[in-house]
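**Student:** Quick one: the structure is below, and I'll ask about it shortly.
The values are calculated or read from the model by the stated rules, or taken from the named source; none is laboratory data. Because the structure is predicted, anything quoted here is derived from the model rather than measured. Here the Cβ positions follow ideal geometry from the backbone for every residue, glycine too, while neighbour counts run over all protein chains shown. The area values use the complete protein model at the heavy-atom level, side chains included, leaving out ligands, DNA and RNA. Shrake-Rupley method; radii C 1.70, N 1.55, O 1.52, S 1.80 Å.
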Amino acid sequence: MDRKSQGRSAPRGLILFGLFFKIGAFTFGGSWSIISQLQQEFVENRRWLAQEELMDIVSVGRSLPGIMVVNISVLFGYRMMGAVGAVLCAAGLTLPSMIVLTAVTLFYNFIRGNPYVERAMAGVRAAVAPIIIAAAVKLRRASLPDLVSAILAGAALALCLFTRVNNILIILLGVAAGLIFRGGERHAVS
């Protein structure tokens, strides 16, 4: 799908809205679990994106202010259908949360402290970790194509785990390292 076909893309828009509604309804465990769903749906099943494109969208979405999962949906929607796609994907993604939060608010006293709800959520948390790990493994080739990238990722991981360096600074250091160590590669080829 490209922006040139945007004028006749009402069915595509509905497809995008529906897919992101489904993703929004089943994204448990925080924003990172969406990466696995996007990878499976749009890279493997539909082949609308290459692994590298998904990593670019995730990297930019993660680096921007705001909610990562919404940023990613907006970037993906824009990539597929321009501004209309961005709005449809964001709306599809957030609508399930609004519905669930409305229901939780209405029935909060019943849900709070309910042992069945607590057990179910413990099961959801246990199931989400391997989904996130699987996405990371599948996207590894796109995000770590060579030794330089692996070294930069290792350094960033060490900063995250063993220091109190702010994540924003780590991202900015990654940008700087990419420009320094990777900047001339494309220029040299062209």
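**Student:** Restricting attention to helices (runs of 4 or more DSSP H) lying wholly within the range 19-129, give those where 2 or more residues are polar (S, T, N, Q).
**Tutor:** On the way: elements: 33-38, 51-63, 68-106, 108-111.
The qualifying helices (runs of 4 or more DSSP H) are 33-38, 51-63, 68-106.
**Student:** Which residues, taken from the range 44-69, are farther than 14 Å from L16 by Cα and aliphatic (A, V, I, L, M)?
**Tutor:** Residues satisfying the conditions are A50, L54, M55, I57, V58, V60, L64, I67, M68, V69.
**Student:** Another one. Going by what's in this entry, would G123 be described as within 17 Å of I35 (Cα to Cα), free of Cβ contacts under 8 Å to residues at least 24 places away in the same chain, surrounded by fewer than 14 Cβ atoms within 10 Å (Cβ to Cβ) and small (G, A, S)? Steps first, answer last, please.
**Tutor:** Values: within 17 Å of I35 (Cα to Cα): no; free of Cβ contacts under 8 Å to residues at least 24 places away in the same chain: yes; surrounded by fewer than 14 Cβ atoms within 10 Å (Cβ to Cβ): yes; small (G, A, S): yes.
So G123 does not fit the description; no.
**Student:** Check L88, L93, L75, L101 and return the single one that is aliphatic (A, V, I, L, M) and over 20 Å from L16 (Cα atoms). Spell out the reasoning first.
**Tutor:** Details: L88 fails: over 20 Å from L16 (Cα atoms); L93 fails: over 20 Å from L16 (Cα atoms); L75 fails: over 20 Å from L16 (Cα atoms).
It is L101.
**Student:** Could you list, in sequence order, the residues of the range 45-56 that are farther than 15 Å from R140 by Cα and open to solvent by 20 Å² or more (accessible area, probe 1.4 Å)? It would help to see each step written out before you state the result.
**Tutor:** Of all residues in the range 45-56, those farther than 15 Å from R140 by Cα come to 45-49.
Across the range 45-56, the qualifying residues are N45, R46, R47, W48.
**Student:** Among all residue pairs at least 6 apart or on different chains, which show Cβ distances below 8 Å where the first residue, located in the range 129-151, is farther than 22 Å from E41 by Cα and the second is hydrophobic (A, V, I, L, M, F, W, C) and exposed (fewer than 14 other Cβ atoms within 10 Å of the Cβ)?
**Tutor:** The qualifying pairs are V148/F181.
Residues checked against (1) at pLDDT below 95; (2) surrounded by fewer than 18 Cβ atoms within 10 Å (Cβ to Cβ):
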{"residue": "G66", "(1), (2)": "yes, yes"}
{"residue": "I72", "(1), (2)": "yes, no"}
{"residue": "L75", "(1), (2)": "no, no"}
{"residue": "L95", "(1), (2)": "no, yes"}
{"residue": "M98", "(1), (2)": "yes, yes"}
{"residue": "T105", "(1), (2)": "yes, yes"}
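**Student:** Checking A83 against (1) over 17 Å from the mean Cα position of the chain (by Cα); (2) open to solvent by 80 Å² or more (accessible area, probe 1.4 Å); (3) under 26 Å from W48 (Cβ atoms): exactly one of these is not met. Which one?
**Tutor:** The single condition A83 does not satisfy is (2).
**Student:** Got at least one residue in the range 134-148 being farther than 30 Å from A25 by Cβ, open to solvent by less than 100 Å² (accessible area, probe 1.4 Å) and assigned to a helix (DSSP H, G or I)? Even if it seems obvious, please write down each step before you answer.
**Tutor:** Within the range 134-148, the subset farther than 30 Å from A25 by Cβ is 144-148.
After this cut, where a residue has to be open to solvent by less than 100 Å² (accessible area, probe 1.4 Å) as well, the list is 144-146, 148.
Narrowing further to those that are assigned to a helix (DSSP H, G or I): 148.
Taking every residue of the range 134-148 in turn, at least one turns out to be farther than 30 Å from A25 by Cβ, open to solvent by less than 100 Å² (accessible area, probe 1.4 Å) and assigned to a helix (DSSP H, G or I).
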